[in-house]
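The values are calculated or read from the model by the stated rules, or taken from the named source; none is laboratory data. Every value quoted in this text rests on a predicted model; they were computed, and no experiment measured them. FYI the Cβ positions are ideal-geometry reconstructions off the backbone, even for glycines, and counts take in every protein chain you see. For accessibility, only protein heavy atoms count, side chains too; no ligands or nucleic acids. Shrake-Rupley method; radii C 1.70, N 1.55, O 1.52, S 1.80 Å.
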Amino acid sequence: MGETETALGVALEQLRIAAEKLNLDPGIHEMLKHPKRSLIVSITIQMDDDDVCVFTGCRVQHNDARGPFKGGIRYHPNVTLDEVTALAMWMTWKCAVANIPYGGAKGGVCCNPKEMSKCELEMLTRRYTSLLLDFIGPYRDVPAPDVYTDAQTMAWIMDTYSQFRGYSVPECVTGKPISVGGSEGRAEATSRGVVICSREAAEHLGLKMKGATVAVQGYGNVGGNTAKIAYDLGSKIIAVSDSRGGIYSQDGLNPHKVYEHKSKTGSVIDFPESKNIANEELLELKCDILIPAALENQITKANADKIKAKIVAEGANGPTTPEADKVLHEKDIFLVPDILANSAGVTVSYFEWVQNLTREHWTLEEVNRKLEDRIVKAFNDVYKVAKKEESDMRTAALILGVGRVSEAIKILGLWP
Ligand code: NAD
């Protein structure tokens, strides 16, 4: 059997599996294969050297039966419409699994942010926002950060949107800096959820986070914070990596120091008292918990058989192909799927939106307490379906997410 190689191929195959298990109405299945709206924009900006450049961007709104569209914006040279469509579809299932009142969307701009100045990134973000103006908004579609976008990017989106409306609209975007309406705990929320899910999975295997060996692929927002939170709970972080390569230490790395090193040098590689390793090696290390937190398509048919972790908790979206899923399941590896494992990011985004709409500001303690309750509930909901259906956790999460969305579609009907 060939491998499902593209992110959209993976997303459609996952939907097919869920549809089959749910005995889904063929009309609803067909509807869910397609995004409700895809917008492609050409973003023209003046670069620092006065050259005029045109970047292609998009916003894909997959489904809003359960609430306004919600999803991150990615800046990356390999962004394609198909990839963003897959990511939008995963957002729909994720919001349903987390049981928050949102649909799914995603945005992307094909650019290389590492080669752009702050001023160029600001111009790109503001122009992109102006082109999306009629399609986003607090009750329509609420963007958030994703790969190579951050709180500053979200502040530019908020400001551009607000300038056009004529008044401040903090609830039009989440993941903002705290000083302009961001939520306490949002920056590290996704990672906190990855760690909570890893802890819950570990309990089922009779393991503890304290003393567990952990390898993390990707050292950005999700990977870096996951390593720090797990380390602070007593886990031993034996390896981490970024786009330039990985580092390994059997004695364990201090991720706070690795973060300082990456801030100074631009990469985790060459960290003192560690050995440089290739990204592929990191995935195949013997460890208790493996956390892919970079990009899609990392655990495939080619390497699934070599994965030695007891738990794989997906910080990234779509890191494992359906073919690899089967291999991991056969090897009795406890996989916590992306639409559950990284759903804490959108959950705290939802908290941020609620705080903005009510003009309140919750304490970090309050945010983390509510988050813990919601993630443990989502984990248990998925675990119960997995037991009932005798399935792996991915299939169970898809059954739950796709099932909740299709129920909403049925109730709303087709009009106009
Ligand atoms: P980020 O831009 O902060 O970090 C990405 C990291 O991945 C960087 O360290 C980069 O060097 C590394 N990377 C890139 N290519 C790599 C490769 N081939 N091998 C190893 N490392 C590589 O992005 P992020 O926000 O941390 O997002 C990471 C993943 O988590 C993405 O799949 C994203 O969709 C997902 N996610 C993010 C959030 C969020 O709140 N930021 C929420 C849910 C899911």
- request: Would you point out which residue out of Gly234, Gly245 is over 27 Å from Glu372 (Cβ atoms), of a type outside the set (Val, Ile, Thr) and in contact (Cβ under 8 Å) with a residue 12 or more places away in the chain?
  value: Gly245
field: Residues satisfying the stated conditions in the range 9-42, i.e. in contact (Cβ under 8 Å) with a residue 24 or more places away in the chain, open to solvent by 50 Å² or more (accessible area, probe 1.4 Å), more than 30 Å from Leu133 (Cβ to Cβ) and not in a helix (DSSP H, G or I)
entry: Asp25
- request: Collect the residues in the range 202-226 that are touching a residue at least 60 places away in the same chain (Cβ under 8 Å), within 16 Å of the ligand (Cβ to nearest atom) and in a helix (DSSP H, G or I), keeping them in residue-number order.
  value: Asn221, Val222, Gly223, Thr226
task: Exactly one condition in (1) under 18 Å from the mean Cα position of the chain (by Cα); (2) of a type in the set (Gly, Ala, Ser); (3) more than 26 Å from Tyr219 (Cβ to Cβ) is not met by Gly166; state its number.
output: (1)
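Just checking, which of Ser168, Ser179, Ser198, Ser191 is farther than 28 Å from Lys114 by Cα and part of a helix (DSSP H, G or I)? Lay out the reasoning, then the answer.
Working: Ser168 fails: part of a helix (DSSP H, G or I); Ser179 fails: farther than 28 Å from Lys114 by Cα; Ser191 fails: farther than 28 Å from Lys114 by Cα.
Answer to the selection: Ser198.
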query: Which residue out of Ala155, Ala96, Ala86 is more than 13 Å from the ligand (Cβ to nearest atom), under 19 Å from Leu12 (Cβ atoms) and among the hydrophobic types (A, V, I, L, M, F, W, C)?
result: Ala96
- prompt: Considering only the range 359-377, how many residues are in a loop (DSSP other than H, G, I, E, B) and open to solvent by less than 40 Å² (accessible area, probe 1.4 Å)?
  reply: 1
- line: Over the range 229-252, the set of residues open to solvent by 10 Å² or more (accessible area, probe 1.4 Å), more than 18 Å from the chain's Cα centre (by Cα) and among the aliphatic types (A, V, I, L, M) is Leu233
- prompt: Residues of the range 343-358 being open to solvent by 10 Å² or more (accessible area, probe 1.4 Å) and either without any contact (Cβ under 8 Å) to a residue 24 or more places away in the chain or within 10 Å of Val194 (Cβ to Cβ) (or both), which ones?
  reply: Val354, Thr358
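Within the range 326-333, is even one residue open to solvent by 10 Å² or more (accessible area, probe 1.4 Å) and within 16 Å of the ligand (Cβ to nearest atom)? It would help to see each step written out before you state the result.
Narrowing the range 326-333 to residues open to solvent by 10 Å² or more (accessible area, probe 1.4 Å): 326-327, 329-333.
Then drop every residue that is not within 16 Å of the ligand (Cβ to nearest atom), which leaves none.
No: zero hits.
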Selection count where residues are open to solvent by 30 Å² or more (accessible area, probe 1.4 Å) and out of contact with any Pro (no Cβ under 8 Å at 6 or more places or on another chain), scope the range 102-139: 13
- prompt: With respect to Ala408, is the statement that it is crowded, with 24+ Cβ neighbours inside 10 Å and touching a residue at least 24 places away in the same chain (Cβ under 8 Å) true?
  reply: no
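Can Arg199 be described as under 24 Å from Val312 (Cβ atoms) and within 16 Å of the ligand (Cβ to nearest atom)?
Details: under 24 Å from Val312 (Cβ atoms): yes; within 16 Å of the ligand (Cβ to nearest atom): no.
So Arg199 does not fit the description; no.
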message: I'd like the full set of residues that are open to solvent by 40 Å² or more (accessible area, probe 1.4 Å) and away from the ligand (no atom under 12 Å from the Cβ), limited to the range 264-285.
response: Lys264, Thr265, Asp270, Pro272, Glu273, Lys275, Asn276, Glu284
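Within the range 53-60, can one find any residue that is under 17 Å from the mean Cα position of the chain (by Cα), modelled with pLDDT of 95 or more and buried (at least 23 other Cβ atoms within 10 Å of the Cβ)?
The answer is yes, given that some residue of the range 53-60 is under 17 Å from the mean Cα position of the chain (by Cα), modelled with pLDDT of 95 or more and buried (at least 23 other Cβ atoms within 10 Å of the Cβ).
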task: Would you be able to say whether some residue in the range 211-228 is buried (at least 20 other Cβ atoms within 10 Å of the Cβ) and at positive phi?
output: yes
- line: Of the residues in the range 140-149 that are open to solvent by 10 Å² or more (accessible area, probe 1.4 Å) and either more than 7 Å from the ligand (Cβ to nearest atom) or in a strand (DSSP E or B) (or both), the one that is farthest from Phe69 (Cα to Cα) is Thr149
